């Protein structure tokens with residue numbers, strides 16, 4: 001494609017985006033020798049569509065919030081205009097959701113939700129009267145962690161103040177504090193409104209001082225040079241995260257992530273197509289994914305994939321060796337390699353809001369290939385013989401319930417495998433000693449292995465994928 005053809009295709013996309021932008025958006029265009037960009041600005045967020053004229057024509061979509069933080073991001077080679085338009089509408093959908101009036105969302109929580117419910121009525125009435133952009137909701141304790149997902153401030157009633165430590169640990173990205181007794185007992189509306197204002201102002205000042213720079217750049221990818229590509233898909237925090245790294249002789253030469261609301265397998269192919277086009281020297285790709293992996297075939301219900309030969313399909317399309325790996329296998333392999341020097345290790349992953357986790361094992365420095373390569377989903381089967389004290393979905397909502405779930409599953413794992421070391425990721429279990437004590441109600445202390453809580457799995461995942469690709473583990 002000639003440069004004139006590239007610019008013509010870019011102009012068609014930019015014009016389409018302009019015509020289909022929502023009427024409430026302020027639309028401006030800028031051009032340079034190597035790029036054309038369209039800005040879609042609202043009061044609270046800004047969408048940016050950019051087409052780069054590099055060695056290849058690359059389209060980049062991003063949304064920036066009021067703090068200039070990237071909250072939506074993807075990039076792809078601009079070849080198919082219909083596909084680019086489809087992704088643009090996905091961006092617009094996210095833009096609409098984010099383009100709501102900037103209102104501080106506050107969640108009040110007490111033991112049963114009754115006293116805080118009455119308080120929130122008074123708070124919302126006063127906030128509306130005073131023109132304060134703050135909205136209050138109230139929930140009982142057992143609904144706290146599910147309800148907190150889209151809230152800015154979490155206020156714990158004095159009668160459950162003993163839960164504050166756990167709440168701060170689990171909801172570390174939010175403002176979490178206890179309502180002073182004098183404010184709560186007197187239903188001091190003005191006092192609480194002032195308290196929320198002070199807390200949010202302090203948080204904004206701290207964020208401005210400490211905010212790390214996150215770089216998303218197509219141009220960095222053009223300068224990269226690598227032969228191994230690892231693409232990772234992880235179901236985390238009730239959202240799917242898609243990221244990739246490009247390596248050359250073990251060194252990271254490029255990395256990025258896709259930030260969007262919905263995940264589709266076509267997103268993976270967009271990433272591979274773009275990176276391989278700009279780095280044709282890539283000779284191996286490892287796709288790390290949730291789901292059941294067996295002989296290159298993948299079943300991943302969330303992506304509507306059922307026993308598809310993903311490995312063969314990708315190898316045929318890109319002419320490159322492809323490895324397909326379950327994400328928990330990559331994590332346990334990376335953890336065992338990094339932390340335990342290949343010692344026998346099990347890893348338990350309990351996603352937020354789920355009662356079923358995943359397990360992976362390394363024995364004698366080798367991955368244990370489970371029955372039918374279930375990819376960590378053995379707990380689906382174990383759950384059928386596990387008796388819970390209450391509905392497991394209810395247990396998944398609280399830290400105490402997560403401890404109950406993990407203890408029962410891990411008791412089965414320890415009993416069946418005799419593993420000496422168990423690592424786990426479970427955001428709603430802040431204290432590993434509490435988990436150990438619960439397991440101690442099922443097993444004698446001498447049989448309980450070392451338990452280690454992991455706060456992030458990303459580096460272990462990439463390390464495990466690299467080790468797998470290097471052929472050190474079959």
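We did not get these values from a lab; they are worked out from the coordinates using the rules stated. Note that this is a predicted model, so its numbers are computed, not measured. Every residue, glycine as well, gets a Cβ built from its backbone with ideal geometry; the counts of neighbours run over all protein chains shown.
Some observations on this one:
- Using the average count of surrounding beta-carbon atoms within 10 Å as a protection proxy, the listed peptides 175-187, 437-449, 321-333 rank, highest first, as 321-333, 175-187, 437-449.
- Fully extended contour minus Cα-Cα distance, from residue 321 to residue 391, at 0.36 nm per residue: 20.7 nm
- Volume per residue that the Cα convex hull of the chain spans, once the total is divided by residue count, Å³: 161
- Chain lengthening between residue 4 and residue 255 when straightened (0.36 nm per residue, less Cα-Cα): 87.3 nm
- The three principal axes of the C-alpha atoms in the stretch 1-99 carry coordinate ranges of 39, 23, 20 Å, sorted with the longest axis first.
- For the stretch 340-459, the spread of Cα positions along each principal axis, largest first, Å: 38, 31, 29
- Ellipticity at 222 nm from helices only: DSSP H runs of n ≥ 4 in the chain, each -39500 (n - 2.57), divided by the residue count, give -11500 deg cm²/dmol.
- In terms of its Cα atoms, the stretch 419-474 spans 42, 24, 11 Å along the principal axes, sorted from long to short.
- Length added when fully stretched, residue 15-residue 200, from 0.36 nm per residue minus Cα-Cα: 62.6 nm
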